[in-house]
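Just below is one structure, and these are the notes that go with it.
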């Protein structure tokens, strides 16, 4: 994807044995952005061959055993095996549903995009230490998920599911702090309560689209974003910026959009934070992968569709996983990269 600071470092994240991972799948735990069983079935229905299924009301605990069934399961090995088998089936179902949305159009990264988005030392250190990871998705309507047919299809929820599949024993929470119609001025007013007070390890900040649509000065937006980054960095969180989307309504303001993306890129470089180039990625979908715009943008010409959110989340998640995996703690850390060092 995009990078401003190539890494020479790597993390060796050791995941527990496969059997434990299956018994404690993070993708079925009741966390902040977890899909309910009925919503998982709705997601699977996006595929031509998927069928909506009614799910049982009892959800598993972290051990995969409903609370009321735990005593019986402990006394009955056959019952325990059945419960474990059901949990494994649910893991497989969630994994399958994650791919169903790409059954017609695959989600492919832009060609030649092999660089990492930037340093994520806080997230890496938390995963290595086995500590909970809190991610705040901060932004406007495309973070809130306007245009998605279900809340479970917005990008923060899709990202949460992907990261839990990648790190099945980790406690990962993704908080959706998107609010439609806002841009940097409004976001800065709620930065403390919506972001900093959540004690995030990673803030994914989507910004700039509404400023472009309102013909606001890109320079003023960049100044506010830089101020916000400084406040977030002061509490030790990693940051990834998300620039505007490639869509007909944004493209009507091509000059302003171009300036906005240039300034956000420079701001990310100046503050040494990550940047996911959403505009360039979506433009690649249309111009190089020949995907019709209506496949990833809804009829309003601005907001993303289920497929658009899903592919965006998938590629963003791939970059986060790659960035985390490229950091080796305390070894050959470049002087301009903030990194966790063991005490």
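The values are calculated or read from the model by the stated rules, or taken from the named source; none is laboratory data. Since the structure is predicted, the reported quantities are computational estimates derived from the model, not experimental observations. No Cβ is skipped: glycine too gets one built from the backbone with ideal geometry, and neighbour counts run over all protein chains shown.
Odds and ends about this structure:
- Some residue of segment 205-212 being crowded, with 24+ Cβ neighbours inside 10 Å, closer than 23 Å to residue 132 by Cβ and under 21 Å from the mean Cα position of the chain (by Cα): yes
- Evaluated against (1) buried (at least 17 other Cβ atoms within 10 Å of the Cβ); (2) free of Cβ contacts under 8 Å to residues at least 60 places away in the same chain; (3) within 22 Å of the chain's Cα centre (by Cα); (4) part of a helix (DSSP H, G or I), residue 221 falls short on exactly one condition, (3).
- Condition broken by residue 320, with the remaining ones in (1) farther than 22 Å from residue 221 by Cβ; (2) part of a loop (DSSP other than H, G, I, E, B) satisfied: (2)
- Segment 286-300 - residue that is outside any loop (DSSP other than H, G, I, E, B) and out of contact with any strand residue (DSSP E or B) (no Cβ under 7 Å at 6 or more places or on another chain) and, of those, farthest from residue 112 (Cα to Cα): 294
- Candidates 108, 127, 120, filtered to the one that is over 20 Å from residue 238 (Cβ atoms) and at pLDDT 75 or above: 108
- For segment 147-178, a tally of residues being more than 12 Å from the chain's Cα centre (by Cα), under 24 Å from residue 228 (Cα atoms) and in contact (Cβ under 8 Å) with a residue 60 or more places away in the chain returns 0.
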